[in-house]
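Structure record follows, encoded as structure tokens.
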Amino acid sequence: MKITIEESKQRKTKPQRGEPLGFGKYFSDHMFVMDWSMDQGFHDARIIPYGNLSMDPASMVLHYAQETFEGLKAYRAKDGRILLFRPDMNAKRFINSNRRLCMAEVSEADFIEAIRALVEFEQDWVPDEAGTSLYIRPFMFASEAAVGVHPAKSYKFVIILSPVGAYYPQGVNPVKIYVEDEYVRATKGGTGFAKCGGNYASSIAAQMKAEKLGYTQVLWLDGVERKYVEEVGTMNVMFKINGEIVTAPCDGTVLPGVTRDSILTLLREWGYTIKEEHLAIDDLMAAARCGQLEEAWGTGTAAVISPIGELNYKGEITTIHQFKTGPLTQRLYDTLTGIQWGDIEDTHGWVYDVMKNKPKI
Ligand SMILES: *Cc1c(COP(=O)(O)O)cnc(C)c1O
């Protein structure tokens, strides 16, 4: 993959130091774009000024939602290094998502190099204040202009970058979760394991309902019986029950999170028993009632770990760990963020140095 570069002549003013960055509010000066067509395959890899994409109103993505995306971050270590966290996992998941939606597949090597090259080019955009990072959003969509459902004959692969602040400016704090027993996110045979925009479009109604009731996120139940626990909002979910860790298996309806996999790896090393099982919501509420539900948290790139302080299932409200962040939740947060920012030694080969991996020519 040969990447051409067109420099932006009008650089943006970067957010001031100390100014809250929020999440997904600011975007860097450049973006990566690469096209795919039936006869040329992937071609024209380029870093160009960040700006509008021009598209035909018949572009298939606008009608049939053939779109997939990824999300990862670049972290600034104290010694100045710029680090990615397990980008190979995002590359593999992107391939799986695209395969499910019958889209072109970017090779693992090209996916990682496109991100690496763009982040290197935009390195001044990687913030260095505590808890901040550069959020990386790769995505692909059907660009063929046609009406009629079929796999598109052309796609665009794009990467944009957004400096983001600490997800919890006041530190890690528990959230209130509404157990959704009407709407569903995914069913077996559907697209629950793929990171595609369509999954999110259909989840907004539940999110709105939860927010109206004063909750931050929903806990999704399985799409067939609405009986088993699957995910929380846009995160995987884990429970500590009687000393053991329970989480839904990745068997088609759950998004295989990079954070989920990393947290489970740490927990196994720390000697915890992990049960990747279908946990019935009734059993979870029963465990809460008799004091066996010790901690609960969501996992995902944006928040890393989000402690759950309250669950509402059909009007029954249970408080977890006195609505405070539990000790295991805190230890996981500290350890994983420590590895990601390069403060804790990386014994797993998870950390990817953007400059060290520059291809030699
Ligand atoms: C992206 C995502 C996650 C978290 O995945 P990470 O790789 O840990 O960021 C979990 N659930 C859903 C539905 C997601 O889209």
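The values are calculated or read from the model by the stated rules, or taken from the named source; none is laboratory data. Keep in mind that what you see is a predicted model, and the values were worked out from it rather than measured. Neighbour counts run over all protein chains shown; Cβ positions are idealised from the backbone, glycine included. These area figures cover heavy atoms from the full protein model, side chains too; ligands, DNA and RNA do not enter into them. Shrake-Rupley method; radii C 1.70, N 1.55, O 1.52, S 1.80 Å.
Structure values in brief
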item	result
Within segment 99-154, GluC sites (Glu not before Pro) in DSSP loop having at most 14 other beta-carbon neighbours inside 10 Å	GLU129
Mean-position separation - Cα centroids, segment 92-125 and segment 144-206, in angstrom	17
Loop-located chymotrypsin sites (Phe, Trp or Tyr not before Pro) in segment 2-42, at most 15 other Cβ atoms within 10 Å (DSSP)	PHE23
Distant-in-sequence amide H partners of GLU310 (H built 1.01 Å from N, under 5 Å)	VAL175, ILE177, ILE320
Residue-normalised accessible area of the chain, expressed per residue, 1.4 Å probe, Å²	45
Cα-based shape type of segment 128-251, given that a ≥ b ≥ c are square roots of the gyration tensor eigenvalues and the cut on a/c is 1.5	oblate
Nearby aspartates and glutamates by direct alpha-carbon distance to LYS275 (threshold 18 angstrom, same-chain neighbours under 8 apart not counted)	ASP222, GLU230, GLU231, GLU244, ASP251, ASP261, ASP283, GLU294, GLU295
Sparse-neighbourhood loop sites, trypsin sites (Lys or Arg not before Pro) in segment 1-103 - DSSP loop, at most 13 other Cβ within 10 angstrom	LYS2, LYS9, ARG11, LYS12, ARG17, LYS25, LYS78
Rounded percent of accessible protein surface that carbon and sulfur make up, the chain, 1.4 Å probe	51
Relative contact order, percent, the chain [alpha-carbon distance under 8 Å, six or more residues apart]	18
